[in-house]
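One structure below.
The values are calculated or read from the model by the stated rules, or taken from the named source; none is laboratory data. Everything quoted here is computed from the prediction, not taken from an experiment. Here the Cβ positions follow ideal geometry from the backbone for every residue, glycine too, while neighbour counts run over all protein chains shown.
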């Protein structure tokens, strides 16, 4: 069964937040609430769903900005990588001070390889380092929520602390080997795409195409 995915591009830098549910269901999962908590809560209300879990792909501040407010408002447990938990717990000191972002302690710590069951959806947790050292993706029902690893026509930055280009390419190669080309990629920024389209056309993956024919 396909998933019903609502994409919200949230301030301050247009990070994609996703509300994910089974069609017609009254429960949903929120992935990467990076900002504008009132807008996310309004979208949940207008959709008629209750948030049962918050999933975080990685610990960069633009993916964490609304976590505390959303968790407080919904009571939903926050899931993120064990190795990046400090980035959420120290969010007020590592994010732009003028944004006034609130830290929060995650409820469930992940390593990759787990399967999470929420809103009658089984999410496979996939470790995809490169953009950040403990970056995670969440795969379910032919959809892949890839955070900032892979975009439509682009890839995640590796010039940030702990980023690594070779590791990022290895993570993308692993996704291409693991999931079918028609898998829909919901990225941390920009429009949705598919693994097959990026494998064939993404200009940043020319090196990968040369070695994975």
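Annotations
- Matching residues, segment 92-114, being touching a helix residue (DSSP H, G or I) at 6+ places or on another chain (Cβ under 6 Å) and closer than 17 Å to residue 66 by Cα: 95, 101, 102, 103, 104, 105, 106
- Sole residue being modelled with pLDDT of 95 or more and within 23 Å of residue 114 (Cα to Cα), chosen from 3, 8: 3
- Top-ranked residue in segment 14-44 [being under 15 Å from the mean Cα position of the chain (by Cα) and in a loop (DSSP other than H, G, I, E, B); ranked as nearest to residue 190 (Cα to Cα)]: 14
- Within segment 119-151, the set of residues being over 13 Å from the mean Cα position of the chain (by Cα), crowded, with 19+ Cβ neighbours inside 10 Å and not in a loop (DSSP other than H, G, I, E, B) comprises 121 only.
- The residues of segment 56-83 that are within 19 Å of residue 134 (Cβ to Cβ) and surrounded by fewer than 24 Cβ atoms within 10 Å (Cβ to Cβ), listed by number, are 61, 62, 77, 78, 79, 82, 83.
- Qualifying residues in segment 43-55 (those that are farther than 30 Å from residue 161 by Cβ and in contact (Cβ under 8 Å) with a residue 12 or more places away in the chain) - the one surrounded by the fewest Cβ atoms within 10 Å (Cβ to Cβ): 48
One line per residue, one yes/no per condition, for (1) in a strand (DSSP E or B); (2) out of contact with any helix residue (DSSP H, G or I) (no Cβ under 9 Å at 6 or more places or on another chain); (3) surrounded by 17 or more Cβ atoms within 10 Å (Cβ to Cβ):
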| residue | (1), (2), (3) |
| --- | --- |
| 169 | no, no, yes |
| 177 | no, yes, no |
| 180 | no, no, no |
| 191 | no, yes, no |
| 196 | no, no, no |
| 207 | no, no, no |
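- For segment 195-213, the criterion of being free of Cβ contacts under 8 Å to residues at least 40 places away in the same chain and within 16 Å of the chain's Cα centre (by Cα) is satisfied by no residue at all.
- Checked against (1) outside any loop (DSSP other than H, G, I, E, B); (2) in contact with a strand residue (DSSP E or B) (Cβ under 8 Å, 6 or more places away or on another chain); (3) closer than 21 Å to residue 114 by Cα, residue 71 meets all criteria but (3).
- Subset of segment 95-118 [surrounded by 21 or more Cβ atoms within 10 Å (Cβ to Cβ) and in contact with a strand residue (DSSP E or B) (Cβ under 6 Å, 6 or more places away or on another chain)]: 106, 110, 118
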